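The values are calculated or read from the model by the stated rules, or taken from the named source; none is laboratory data. None of the values given here were measured: they were computed from a predicted structure. No Cβ is skipped: glycine too gets one built from the backbone with ideal geometry, and neighbour counts run over all protein chains shown.
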Amino acid sequence: MRGSILTPEMRHRILAQIVPEREEISRQQRVVKRLTKALSEVAEEIGQSFVFIEPQGSTGAKQTQLRGASDIDLFVGLSPREFSDILQQSAPQRQAMLSERFDELVDRWFWPAAQRAGGRNIIKAYSQHPYLSLVVEDIDVDVIACFYLSPEELAENGPITAVDRTIHHTRFVLDRINDTLRNDIRILKSFVRASHAYGDDCAVGQMGLTGYSLELITLFGNGIDGAVEMLLHIEDGPIDPFGRPAHVLRRVPTFRDDHVILIDPTDANRNVASSFSPRAVRWTITRLRHLIELRERGEDDAVVDLVLERPIPTDPPPSWLAPHCITRQFVGARRVHYTLFRDKLHRLCRLIARVLRKENTGEKRFGETLWEVYFEQDHYAIGMIVEKPVIEPVYSRRGPPVDIEKAASAFRKKHPTAYEKDGYLWLDTKRRWTRAGDMIDYMIERHSIEGLEMTTEEGDVSRRVLNTLYRYVMRIEDFPLSRRQEYKDAEQTLGW
């Protein structure tokens, strides 16, 4: 489009609602100071060395957070030399030994420091390695151990833990950001959050666009307008600050199957966007196109509204769709990081959708299934929209062609009730399941997830996962029910 995506007046209205207030930032700084002091004191008492204790992420030095997003990731940097005995081991053994050592650090160091700082709801949680989760002054804090690696060490050997790059990401952004770009980043983050396609707790897709990726895109695009243009075309080719063309990057085995490519400027061998779900990317692009349409029509209020996050509705599905909708809700153990449950539920849903689609012999069963996973705190829900939720108890299974005599003879011998039709042998076969919900329950029980307990409750998380499917996913996926006239008629009223 011609001109800026936002007028100065629209920009002012948006920033007035998304920039953190001074008291919020002061409280974050106060919490960081209290915890840093306590961690330093306990470290000295137990003789534990460290390289740094710093907040990372948007609430750290970058200050690209949105109002109300006060969570703090407090990183404790360790020297690899202190762990040389472990780092010499093979990869699987090294990870196991690191987890054991980090577990000890959490118990001996992080936990006493959290208590000294007045923390509450203190929990030892688990992701790649153990870390500490707590609440201080109503702010959620994660205290995370990492290794301090120089840029040269990182480039040559890669990270030791998944979070070792984070400090270098912070420094890259800080070297290039100014107040205008900082607010442009906030606007872009707000838009993607409003799309419910942001980060590791997104509703649309398994993994959304991360804060760091949006910071990079805004910096590479030199502001919000360039960032929007980059996002609109992110599926068309890679964004690589090292200037390599697509055909070169696609030959790299680790990039070959990635939906989009955004190369980390601190590590030429890492795709920041490798985990992005195609669904989250497509929905973000769809909403960006709609935003541009609204801007070109001069609908300024609608543009502003599209950038500001709103809760996913909890309305029941329409009557024509309700029989196709199935949800199951769970409560998860708080000690387990939500991404672990998220990933396991996505794997389970993929498996369920596959077995719902076809019989073991290849014939259609319940047909196509759209599914999503949604969670709030320790409440999780899976939602499915099934093409044919109830099917006949008997289906016709096709056997070999009748003119392949040897195969046909063997089939008849094994199945005396087989009959001929259209040049093939057929067999009427009784189904084990005729209701999709029954088969889903069987699969959940058979593939139970430790730490997740299914409940009979169907609360807001169940209603929101269905609205995610109905209002967002059905718009961008090729799904039989999306082609029904009832959906086409309703689409203009679903909101964005």
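Okay, here's what the table says:
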item: Every residue from region 304-362 that is in a helix (DSSP H, G or I), touching an Asp or Glu at 6+ places or on another chain (Cβ under 8 Å) and among the aromatic types (Phe, Trp, Tyr); result: 338
item: Region 119-156: number of residues that are at pLDDT below 90, closer than 19 Å to residue 169 by Cα and part of a strand (DSSP E or B); result: 0
item: Total residues in region 266-281, condition at pLDDT 95 or above and either crowded, with 19+ Cβ neighbours inside 10 Å or more than 24 Å from residue 478 (Cα to Cα) (or both); result: 7
item: Matching residues in region 221-258 - criterion: being under 26 Å from residue 167 (Cα atoms) and touching a Pro at 6+ places or on another chain (Cβ under 7 Å); result: 241, 249
item: Contacts under 9 angstrom Cβ, first residue in region 388-403 being basic (Lys, Arg), partner loosely packed, with under 13 Cβ neighbours inside 10 Å and assigned to a strand (DSSP E or B), 6 or more apart; result: 397/428; 398/421
item: Residue in region 392-411 that is closer than 21 Å to residue 478 by Cα, at pLDDT 95 or above and either crowded, with 17+ Cβ neighbours inside 10 Å or not assigned by TED's automatic domain parsing to the domain that holds residue 450 (or both) present; result: no
item: Some residue of region 200-211 being in a helix (DSSP H, G or I) and either among the basic types (Lys, Arg) or farther than 14 Å from residue 273 by Cα (or both); result: yes
item: Any hit, region 378-389, residues being surrounded by fewer than 18 Cβ atoms within 10 Å (Cβ to Cβ), more than 19 Å from residue 466 (Cβ to Cβ), touching a strand residue (DSSP E or B) at 6+ places or on another chain (Cβ under 9 Å) and modelled with pLDDT under 95; result: yes
item: Some residue of region 216-237 being in a loop (DSSP other than H, G, I, E, B) and aliphatic (A, V, I, L, M); result: yes
item: Considering residues of region 13-31 that are part of a helix (DSSP H, G or I) and within 27 Å of the chain's Cα centre (by Cα) only, the residue farthest from residue 138 (Cα to Cα); result: 14
item: Sole exception among (1) of a type in the set (Lys, Arg); (2) out of contact with any helix residue (DSSP H, G or I) (no Cβ under 8 Å at 6 or more places or on another chain); (3) more than 26 Å from residue 8 (Cβ to Cβ) for residue 297, by number; result: (3)
item: Filter result (surrounded by fewer than 19 Cβ atoms within 10 Å (Cβ to Cβ) and within 21 Å of residue 208 (Cβ to Cβ)) within region 315-335; result: none
item: Any hit, region 420-438, residues being modelled with pLDDT of 95 or more, assigned to a helix (DSSP H, G or I) and within 28 Å of residue 333 (Cβ to Cβ); result: yes
item: Verdict on residue 64 being polar (S, T, N, Q), surrounded by 15 or more Cβ atoms within 10 Å (Cβ to Cβ) and without any contact (Cβ under 8 Å) to a residue 40 or more places away in the chain; result: no
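The rows are residues; the columns are (1) under 23 Å from the mean Cα position of the chain (by Cα); (2) surrounded by fewer than 17 Cβ atoms within 10 Å (Cβ to Cβ).
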site	(1), (2)
103	no, yes
108	no, yes
127	yes, yes
134	yes, no
137	no, yes
